[in-house]
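*Asks:* The structure's right below; bear with me while I get my questions together.
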Amino acid sequence: MAYIIDGKKISQEIKDELKVQAEALRSKGMVGALAVIQVGDDPASSVYVRNKKNACAYIGIESLSYELKSSTTQQELLDLIRKLNGDDCVKGILVQLPLPEHIDENAVIQAISPQKDVDGFHPENVGAMVIGQEGFLPCTPAGIIQLLKRSKIEIAGKHCVIIGRSNIVGKPMALLMLREHATVTVTHSKTRNLKEVCKEADILIAALGKPQFITADYVKEGAVVIDVGIHRDAQNKLCGDVKFDEVEPLVSAITPVPGGVGPMTIAMLMHNCVESIAGKE
Ligand code: GUN
């Protein structure tokens, strides 16, 4: 029987720690808001945005909501970001991705002040992460490091195989695991012998975005499996990139979906917001 890594419980612990920190900052007059911008009304994005605003309310951080029409022009969005960059009350700016096709995601990310980039997506923060300097870390990979550490799973010296090379998860995950002294392999859709490579992993991180793709024959006995995927199966039930029922009996620890990585992303966003209010970045 695998140890089920409880992301809901660990994220709650982190949020409770942050609530205390935010209160201490407030008592010293240090406050600030998170500006949350959504363009269009994609239902999945609306759920994420709502969860982010609820987390702010829980921690005691003000959130400012900008719900923009899907027809919003890139210039209008950039103008709003510039206004928020110049507003001293705003300590964090989050633009929910994906954006409508007519808007250049990179231009938007680069317009956000690196000091307010609580998603950790700005090239300046990405660069700082690459060379191990201070900066905002991207929330999902940082949350996975916390899941492992707080579950007392050793990382140093382990072989970590990451499936997926996105800018939001796969690539930064590789850098953070390297920072923790893992030996890292990044795989992707063109990787040859994917099963064999995955079977070498002590820690397997599935972020490929394909429902229940990772079956028992991708996994070494006793490995730790982290599932970043979130999908709906044919019965409309939430599932991940990993076929949980088949993989769980084989491994030493695994994250469930839901209740694994998902809640950690928001906890780490709150962590970045509190750091920004504290003036650490
Ligand atoms: N879309 C999917 N994940 C994320 C995230 O971590 N931040 C933002 N802003 N958008 C996302």
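*Asks:* Which of (1) without any contact (Cβ under 8 Å) to a residue 40 or more places away in the chain; (2) surrounded by 13 or more Cβ atoms within 10 Å (Cβ to Cβ) does residue 28 not meet, given it meets every other one?
*Replies:* All conditions are met except number (2).
*Asks:* Something else about it: Yes or no: residue 14 of a type outside the set (Gly, Ala, Ser), surrounded by 14 or more Cβ atoms within 10 Å (Cβ to Cβ) and in contact with a Leu (Cβ under 8 Å, 6 or more places away or on another chain)? Full working, then the answer.
*Replies:* Details: of a type outside the set (Gly, Ala, Ser): yes; surrounded by 14 or more Cβ atoms within 10 Å (Cβ to Cβ): yes; in contact with a Leu (Cβ under 8 Å, 6 or more places away or on another chain): no.
Here the answer is no, as residue 14 does not meet what is asked.
*Asks:* Something else about it: Among the residues in the range 68-87, are any small (Gly, Ala, Ser), under 18 Å from residue 272 (Cα atoms) and either modelled with pLDDT of 95 or more or under 22 Å from the mean Cα position of the chain (by Cα) (or both)? Break it down stepwise before answering.
*Replies:* Here is the first cut: in the range 68-87, the ones small (Gly, Ala, Ser) are 70-71, 86.
Next cut, under 18 Å from residue 272 (Cα atoms) only: none.
No - not one qualifying residue is present in the range 68-87.
*Asks:* For the subset of the range 254-281 comprising residues that are over 14 Å from the mean Cα position of the chain (by Cα) and assigned to a loop (DSSP other than H, G, I, E, B), which member is farthest from the ligand (Cβ to nearest atom)?
*Replies:* Here the residue is 279.
*Asks:* Determine, yes or no, whether residue 80 is assigned to a strand (DSSP E or B), in contact (Cβ under 8 Å) with a residue 40 or more places away in the chain and either farther than 18 Å from residue 168 by Cα or hydrophobic (A, V, I, L, M, F, W, C) (or both). Walk me through how you get there before you give the answer.
*Replies:* Values: assigned to a strand (DSSP E or B): no; in contact (Cβ under 8 Å) with a residue 40 or more places away in the chain: yes; either farther than 18 Å from residue 168 by Cα or hydrophobic (A, V, I, L, M, F, W, C) (or both): yes.
Judged against the criteria, residue 80 is not a match.
*Asks:* If I ask for residues that are part of a loop (DSSP other than H, G, I, E, B) and either surrounded by 20 or more Cβ atoms within 10 Å (Cβ to Cβ) or touching a residue at least 60 places away in the same chain (Cβ under 8 Å) (or both), which ones from the range 114-145 would you list? Reasoning before the result, please.
*Replies:* Taking the range 114-145 and keeping what is part of a loop (DSSP other than H, G, I, E, B), we get 117-122, 131-138.
Answer for the range 114-145, where residues must be part of a loop (DSSP other than H, G, I, E, B) and either surrounded by 20 or more Cβ atoms within 10 Å (Cβ to Cβ) or touching a residue at least 60 places away in the same chain (Cβ under 8 Å) (or both): 117, 118, 119, 120, 121, 122, 134, 135, 136, 137, 138.
*Asks:* Report yes if residue 239 is under 30 Å from residue 29 (Cα atoms) and either without any contact (Cβ under 8 Å) to a residue 60 or more places away in the chain or touching a helix residue (DSSP H, G or I) at 6+ places or on another chain (Cβ under 9 Å) (or both), otherwise no.
*Replies:* Numbers: under 30 Å from residue 29 (Cα atoms): no; either without any contact (Cβ under 8 Å) to a residue 60 or more places away in the chain or touching a helix residue (DSSP H, G or I) at 6+ places or on another chain (Cβ under 9 Å) (or both): yes.
Considered against the rule, which asks whether it is under 30 Å from residue 29 (Cα atoms) and either without any contact (Cβ under 8 Å) to a residue 60 or more places away in the chain or touching a helix residue (DSSP H, G or I) at 6+ places or on another chain (Cβ under 9 Å) (or both), residue 239 comes out as no.
*Asks:* For residue 145, are the conditions met, namely being within 24 Å of residue 4 (Cβ to Cβ) and in contact with a strand residue (DSSP E or B) (Cβ under 7 Å, 6 or more places away or on another chain)? Full working, then the answer.
*Replies:* On the way: within 24 Å of residue 4 (Cβ to Cβ): yes; in contact with a strand residue (DSSP E or B) (Cβ under 7 Å, 6 or more places away or on another chain): no.
So residue 145 does not fit the description; no.
*Asks:* Return only the number of the condition from (1) within 16 Å of the ligand (Cβ to nearest atom); (2) charged (D, E, K, R); (3) touching a residue at least 60 places away in the same chain (Cβ under 8 Å) that residue 227 does not satisfy.
*Replies:* It is condition (3) that residue 227 fails.
Let's see how each residue does on (1) crowded, with 20+ Cβ neighbours inside 10 Å; (2) more than 27 Å from residue 258 (Cα to Cα); (3) aliphatic (A, V, I, L, M):
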position: 19; (1), (2), (3): no, no, no
position: 39; (1), (2), (3): yes, no, yes
position: 42; (1), (2), (3): no, no, no
position: 52; (1), (2), (3): yes, no, no
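*Asks:* Those residues that are among the aliphatic types (A, V, I, L, M) and in a helix (DSSP H, G or I), I need them from the range 180-201; list them, please.
*Replies:* Residues of the range 180-201 that are among the aliphatic types (A, V, I, L, M), as a first pass: 182, 184, 186, 194, 197, 201.
Result: 194, 197.
*Asks:* Here are the criteria: (1) surrounded by 19 or more Cβ atoms within 10 Å (Cβ to Cβ); (2) out of contact with any Pro (no Cβ under 9 Å at 6 or more places or on another chain). Tell me which single one residue 199 does not satisfy.
*Replies:* The single condition residue 199 does not satisfy is (1).
*Asks:* Follow-up question, since we're still on this one. Which count do you get for residues in the range 83-109 that are of a type in the set (Lys, Arg) and touching a helix residue (DSSP H, G or I) at 6+ places or on another chain (Cβ under 7 Å)? Give the derivation first.
*Replies:* Within the range 83-109, the subset of a type in the set (Lys, Arg) is 83, 91.
Filter once more, keeping what is touching a helix residue (DSSP H, G or I) at 6+ places or on another chain (Cβ under 7 Å): 91.
Residues meeting the conditions: 1.
Every residue, every condition in (1) at positive phi; (2) of a type in the set (Lys, Arg); (3) surrounded by fewer than 17 Cβ atoms within 10 Å (Cβ to Cβ); (4) out of contact with any Pro (no Cβ under 6 Å at 6 or more places or on another chain), yes or no:
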| residue | (1), (2), (3), (4) |
| --- | --- |
| 207 | no, no, no, yes |
| 219 | no, no, no, yes |
| 227 | no, no, no, yes |
| 232 | no, yes, yes, yes |
| 240 | no, no, no, yes |
| 260 | no, no, no, yes |
| 264 | no, no, no, yes |
| 269 | no, no, no, yes |
| 278 | no, no, yes, yes |
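The values are calculated or read from the model by the stated rules, or taken from the named source; none is laboratory data. Bear in mind that the values here come from a model prediction, so they are computed numbers and not experimental data. Neighbour counts run over all protein chains shown; Cβ positions are idealised from the backbone, glycine included.
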